[in-house]
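One structure below.
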Amino acid sequence: MATSVQTAVRPSRLTYATQAAPGLVNEDYVLAGPDWAVVLDGATAPAGVDSGCVHDVPWLVHRLAGALAGPLATGAAGSLQDVLAAAIETVRTAHAGTCDLANPDSPSSTVAMARWGEGRLECLVLADSPVLVRRTDGSVDLVEDDRLLHLPGGPPYTCELVRSHRNRPGGFWVASTSRAAAYEAVTATFSEEEVDTVALLTDGVTRLVERYGHTWRDLLEDLRTHGPEHVIGAVRDAERAAPAAHGKPHDDATALVVAHG
Ligand SMILES: [Zn+2]
């Protein structure tokens, strides 16, 4: 009888929570399998801007999720960047006949991806949905793409400045109508053995660190100990206790945690 030798995926516990900003439609999305996970955060369209697209942001996010799920679930070969590039192309084709895909305000999404197996953990981050990785020695690595923080002049930006730097060299990259964005994503690979926790987060959760003074280490510990729902509750408590001077008072918030062992 033929036998195949596969590297066993270590037992892991995968949990997530996703919650819309109060009163709004959730433009975040989560999808996962036993050895992969994806978190997406659709970019809210500025009011009154013509996106050139007859669809809305959730349409883009859900299509992208669907296009990513197939190759990740079937274990298709290729890098995470290849998987993302193909998914962007699939979504692009789905509205090529109805929409102006050259419009820089076409709906878009951040992407955080993780895939593990064969002794490796691969991570991909596009725009401001980072991945946190805790090693078994207790150290924490942040896989982030912070190009959006470094546009000319620094935030807050005008819509025009963001539009002119989206998916352009020297600007920032998001999953929208250009497969080239996939190859601009930040990637990192870890030895699976040395990792005990992985978290994929949208900026509705990372504001606990960026706005409310938590550390990445504390955030990861809270996620592991108390779970994603508890942490999103802490975000809402912080937002109510100390409303932001700038930016959205609340945002869609998503956290997905994989704890090995
Ligand atoms: Zn469209």
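Each value in this text was obtained by applying a stated rule to the coordinates, not by laboratory testing. Nothing here was measured: the structure is a model prediction, and the numbers come from that model. Quick reminder, even Gly has a Cβ in these numbers, built from the backbone with ideal geometry, and neighbours come from all protein chains shown.
Spatially, the range 245-261 and the range 155-204 are offset by 16 Å when compared through their Cα centroids. Unpaired cysteine residues in the chain (no second Cys Cβ under 4.7 Å): C123, C159. Note on T225 and T189: their simple-model spin labels are 3.5 nm apart, each label 7 Å out from Cα toward Cβ. Annotation: extensible slack from T15 through A77 equals 19.7 nm (criterion: 0.36 nm per residue apart, minus Cα-Cα distance).
Taking amide H atoms as placed 1.01 Å from N in the peptide plane, the amide H of V195 lies under 5 Å from those of T136, each 5 or more residues away in sequence or on another chain. Please work out the FRET efficiency for the pair V49 and E89, using the Cβ-Cβ distance as r and a Förster radius of 30 Å; give the result to the nearest 0.05. After rounding, the FRET efficiency stands at 0.75.
Please state the charge dipole magnitude for the range 129-261, taken about the Cα centre, from unit charges on C-beta atoms (+1 on K and R, -1 on D and E), reported in debye and rounded to the nearest 20.
It comes to approximately 620 debye.
When the square roots of the Cα gyration tensor eigenvalues are ordered a ≥ b ≥ c, the ratio a/c for the range 49-153 is 1.5 or more and a/b does not exceed b/c, which makes its shape oblate.
Full extension of the chain between R120 and T158 yields a length gain of 9.6 nm, computed as 0.36 nm times the residue separation minus the alpha carbon distance.
Backbone geometry of the range 193-207 corresponds, through the Karplus equation with coefficients 6.51, -1.76 and 1.60 at θ = phi - 60°, to 3J(HN,Hα) couplings of 4, 8, 10, 10, 8, 10, 10, 10, 9, 9, 5, x, 9, 5, 5 Hz, x marking Gly and Pro.
Checking the a/c ratio against 1.5 first, then a/b against b/c, what shape does the Cα gyration tensor give for the range 13-260? The shape class here is oblate. Label the range 160-213 by shape, choosing from rounded, prolate and oblate, from the square roots a ≥ b ≥ c of the eigenvalues of the Cα gyration tensor; if a/c is under 1.5 it is rounded, and otherwise prolate applies when a/b is larger than b/c, oblate when it is not. Taking the square roots of the gyration eigenvalues as a ≥ b ≥ c, the range 160-213 is oblate.
Given R₀ = 35 Å, FRET efficiency for R240-D56 by Cβ-Cβ distance, to 0.05? About 0.80, to the nearest 0.05.
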